[in-house]
Each structure stands twice: as C-alpha cells, then as structure tokens.
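These notes are about the structure you will find just below.
The values are calculated or read from the model by the stated rules, or taken from the named source; none is laboratory data. Computed from a prediction, not measured in an experiment: that's the story for all the values here. Please note: Cβ atoms are built from the backbone with ideal geometry, for glycine as well, and neighbour counts cover all protein chains shown.
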Amino acid sequence: MSYINTPIAFQGDYAGYSWEIFNGDALEILKRLPSETFDCIITSPPYFWLRDYGTPGQIGLEDSVEGFVSSICDVMDETQRVMKKTGLLFLNLGDTYYSGKGQSKGIDKKSSKRRFGLRAVDKSGGLGIGLEPKSMIGMPWRVSIEMLKRGWTLRSQIIWYRKASLPEAVLDRPRRSYEPLLMFSKSKKYYFNRKPLEETEQEDMWTIVSRAKSAAGLGTAPYPDELVKRCLDVGCPEKGIILDPFMGSGTTLRAALENGRNAVGIDLNSEFFQFVKKELTELGLKNVL
Ligand SMILES: C[S@@+](CC[C@H](N)C(=O)[O-])C[C@H]1O[C@@H](n2cnc3c(N)ncnc32)[C@H](O)[C@@H]1O
C-alpha cells in the first residue's frame, strides 16, 4: 500500500502486514491521504510547552492556549476525515501547569529537551486568559471541548495509571500518577470489542507501567507498547490499519505490527523518522530470518 510517492516516505512489511512512514508536518501529510482509510488512530501529540522536539513547525510551543488548541484540533480534523466511519481515535494528552514565575534561574539537569528560553507558561499575564500562577491549564478538557464543537463524539476518558512513574518534585499538591486517554468516535456505530475489558477490574482505568526511558535516548516521551496494545484489542479489528500522526519513536507502529495490524505513521522530526525506518526494517528482517 502506498499513498504518495515522495522521498520523505518509506514503506516495508512485517509478517505479512505493511507499514508506511512519512517525515513531515502531520497536517500537511494528512491532507494528502485518502478519506475513510484507517480503522483506528492511536496517538500522543506534543503536550503544551513540555518538550522541545527541535524541529521548526513543531506543535507544542504556541504562544497561547488557543493557538495550541487549534494546532491539535486542526490535525484531528484531518484524522477524522481519513478515519473510517467505524473507526475510533485514542488521544493521549496530558496537562501543563501555568507557572507565571518568569525566567527560570536553574538549569533542568534532567533533560536538554526541556531547556527553553522563557516559556509561554512562565510569562506573567495569565496566558491571556486570566490563569492564576500554579493553576492547571486544563488542556485535555479544552482540546476535548473544541473537538466536540468540530463534530467528534467523546465516548470515554480512560485513565492511564502510570504505575512506577517518577514522582513529581512538588509538596503542595498530590503528585500526578495518571494521564487521560480520550476515546473519540466519528459515528454512532463503530467497531468496539468489549471482551478484553470484561477480564479487567476497572474498564476505564488501565494500570500500565510507564516506560522509564525513550528508545535509544531519542527523547520522544514514548508511551508503553501495552497502552497501544489495549487500544488495539478494543478498538481495531484484526488485520485493520492504524495511524499515528505523531509517531515519535514509532511505538504505535511497532505494537500494531506485532499484534497483527497494518500501520502508518508521521513525524516532523527527521531523526525520529530515520530511527523508525531502521527499527521497523530490522523488525521485518528478524521475522524473515
Ligand atoms: C509525545 S511525542 C510522541 C511519542 C510517541 N508516542 C512514542 O511512543 O515515541 C510527539 C511527537 O510529535 C512530533 N511532532 C511535533 N510537531 C509535529 C508536527 N507538526 N507534525 C508531525 N509531528 C510532530 C514530535 O517530533 C514528537 O515525536
């Protein structure tokens, strides 16, 4: 399967399933993909001002809350078009705190990916929407509400309890231990397999050990394969085709291929694209040997 023929696209196969990846802006690439193609979309976009992925045009470093919400929702509009009527979207999107504290004095020793100039969330002025310093911005809710206005149906907010994640260094509020996984549908009737949920204690709270480190030190903030697998089990028919418009290190694609699905991924960062290209090619070779 090949949608477009460009030097920034690469394709391969694994155990009879095909994969295709694109290096470019999610919105631009999506516009070139045909409508009603994908059974399931599983993705984690950049969070607001959490990381610098080092690529001009990246989402996440907008000046305003509104700017971020529309960047994400514009991409989601296109994912809605390319998703089949029977499809589901699983969107893993966490929140950011508004600090309003001005320029940070120290250096974040943990990650060069988190070294910024003055972040929009540190500037005074309540981000132009009257936020008090130290407040959560409420980004998952803001994005969800905008997506509802744009025709999505929000069917569930699954709590991903990030077991064994590194505790935050805060003393005056509970440390965060979970992230939302928002499940949206395009139509009233869609593919959904309840069976795997019946074996679990809580259907909408998934306890999954968070990944300690990103693959090969890439700094993509990867989610665990298990999270993708659970989305596939409930939301993607066997041999179906999935899409991740923010593939990072390619977790969604790898988990999809290993669980009998075809996969398409997009990322703006060429280093991440090359990494996924190499990893999935090697995976395919290992399978043949
Ligand atoms: C949270 S990471 C995804 C991590 C991924 N789930 C994994 O397991 O590795 C978000 C990704 O979005 C990419 N990105 C940022 N802006 C983008 C854009 N405009 N188009 C496509 N990808 C973009 C970043 O390069 C980064 O790899």
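Brief remarks on what is shown
- Only one entry in 218, 283, 257, 227 is closer than 30 Å to residue 150 by Cβ and not polar (S, T, N, Q), namely 227.
- Conditions (1) farther than 30 Å from residue 103 by Cα; (2) at pLDDT below 95; (3) surrounded by fewer than 17 Cβ atoms within 10 Å (Cβ to Cβ); number of the one not met by residue 210: (3)
- Selected residue (criterion: nearest to residue 204 (Cα to Cα)) from residues of the stretch 128-165 that are hydrophobic (A, V, I, L, M, F, W, C) and without any contact (Cβ under 8 Å) to a residue 40 or more places away in the chain: 154
- A search for C-beta distances below 7 Å between a residue of the stretch 208-229 that is within 19 Å of residue 58 (Cβ to Cβ) and more than 8 Å from the ligand (Cβ to nearest atom) and any residue that is outside any loop (DSSP other than H, G, I, E, B) and modelled with pLDDT under 85, counting only pairs 6+ apart in sequence or on different chains, returns 219/113.
- Filter pass, residue 65 being within 15 Å of the ligand (Cβ to nearest atom) and modelled with pLDDT of 95 or more: no
- All conditions but one from (1) away from the ligand (no atom under 16 Å from the Cβ); (2) assigned to a loop (DSSP other than H, G, I, E, B) apply to residue 155; the one that does not is (2).
- Hits in the stretch 236-255 (condition: out of contact with any Ser or Thr (no Cβ under 6 Å at 6 or more places or on another chain) and touching a residue at least 40 places away in the same chain (Cβ under 8 Å)): 236, 237, 239, 240, 241, 242, 243, 247, 250, 252, 253
- Verdict on residue 135 being over 30 Å from residue 83 (Cβ atoms), surrounded by 15 or more Cβ atoms within 10 Å (Cβ to Cβ) and in contact with a strand residue (DSSP E or B) (Cβ under 8 Å, 6 or more places away or on another chain): no
- Residue 15 fulfils the conditions (1) in contact (Cβ under 8 Å) with a residue 40 or more places away in the chain; (2) away from the ligand (no atom under 15 Å from the Cβ); (3) in contact with a Ser or Thr (Cβ under 8 Å, 6 or more places away or on another chain) except for a single criterion, (3).
- Applying the criterion of being over 17 Å from residue 67 (Cβ atoms) and under 13 Å from the mean Cα position of the chain (by Cα) to the residues of the stretch 41-55, the residue that is surrounded by the most Cβ atoms within 10 Å (Cβ to Cβ) is 42.
- Qualifying residue in the stretch 77-93 (condition: surrounded by fewer than 17 Cβ atoms within 10 Å (Cβ to Cβ), of a type outside the set (S, T, N, Q) and either at pLDDT below 95 or part of a strand (DSSP E or B) (or both)): yes
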